[in-house]
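Trainee: Before anything else, here's the structure in question.
The values are calculated or read from the model by the stated rules, or taken from the named source; none is laboratory data. Computed from a predicted structure; not experimentally measured. Cβ placement follows ideal geometry from the backbone for every residue including glycine, while neighbour counts extend to all protein chains displayed. The area values use the complete protein model at the heavy-atom level, side chains included, leaving out ligands, DNA and RNA. Shrake-Rupley method; radii C 1.70, N 1.55, O 1.52, S 1.80 Å.
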Amino acid sequence: MFYLSDYLESNRKEYYSRLGAISQTGDWTGWCAFFLRGVIAQAKQNSATLHQVMALYENTKTRVCDITKSPNSIQIIDALFYRPIFTISDVALQTDIPTRTIQKLVKTLIAANVIKTLREASGPKPAIFMFAELLNTVENREFV
């Protein structure tokens, strides 16, 4: 994801000043320099986030393997990183793990505080789970 909106928002005054300078004096150079500083700042942020996600993956791999002692640990971890908000069916579609095994692994990971329940199952509605640590890392904020 490459969003300049945070940079533009945090530099709002200069952003509007640079836009105004284009229409008033034709200062495209100032605008381009400002815009490129934003691209550089976002690229650095994305690189840092990527390194954090990679470290989280390695840490989670070790942690989940230790917790579950399951030969399916890596598939579950990959499913969590692919889709951090999920249902049991989502994981079943992504992996070749039997549904009952997924259910047991999810219970184990909830008990170990690796994943959280967002919504309990209710009638035909399945439970929804979340791997908050990945979302926290990517979004740089605290989820549930």
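Trainee: Does VAL39 satisfy the condition of being under 28 Å from the mean Cα position of the chain (by Cα), assigned to a helix (DSSP H, G or I) and farther than 29 Å from PRO98 by Cα?
Mentor: Answer is yes for this residue.
Conditions (1) touching a residue at least 60 places away in the same chain (Cβ under 8 Å); (2) buried (at least 16 other Cβ atoms within 10 Å of the Cβ); (3) of a type outside the set (A, V, I, L, M, F, W, C); (4) under 30 Å from SER5 (Cβ atoms), marked per residue:
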{"residue": "PRO71", "(1), (2), (3), (4)": "no, no, yes, no"}
{"residue": "PHE86", "(1), (2), (3), (4)": "no, yes, no, yes"}
{"residue": "SER89", "(1), (2), (3), (4)": "no, no, yes, no"}
{"residue": "ALA92", "(1), (2), (3), (4)": "no, yes, no, no"}
{"residue": "ASP96", "(1), (2), (3), (4)": "no, no, yes, no"}
{"residue": "ARG100", "(1), (2), (3), (4)": "no, no, yes, no"}
{"residue": "LEU109", "(1), (2), (3), (4)": "no, yes, no, no"}
{"residue": "ILE115", "(1), (2), (3), (4)": "no, yes, no, yes"}
{"residue": "GLY123", "(1), (2), (3), (4)": "no, no, yes, no"}
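Trainee: Within the stretch 24-44, restricting attention to residues that are of a type outside the set (Phe, Trp, Tyr) and more than 30 Å from THR137 (Cα to Cα), which residue is most open to solvent (accessible area, probe 1.4 Å)?
Mentor: So, considering only residues that are of a type outside the set (Phe, Trp, Tyr) and more than 30 Å from THR137 (Cα to Cα), the one most open to solvent (accessible area, probe 1.4 Å) is GLN24.
Trainee: Which condition from (1) farther than 22 Å from ARG100 by Cβ; (2) surrounded by 14 or more Cβ atoms within 10 Å (Cβ to Cβ); (3) touching a residue at least 24 places away in the same chain (Cβ under 8 Å); (4) of a type in the set (A, V, I, L, M) is the one that ALA21 breaks?
Mentor: Condition (3) is where ALA21 drops out.
Trainee: Could you list, in sequence order, the residues of the stretch 46-60 that are over 23 Å from ILE74 (Cβ atoms) and without any contact (Cβ under 8 Å) to a residue 12 or more places away in the chain?
Mentor: Once the filter is applied, which keeps residues that are over 23 Å from ILE74 (Cβ atoms) and without any contact (Cβ under 8 Å) to a residue 12 or more places away in the chain, the stretch 46-60 yields SER47, ALA48.
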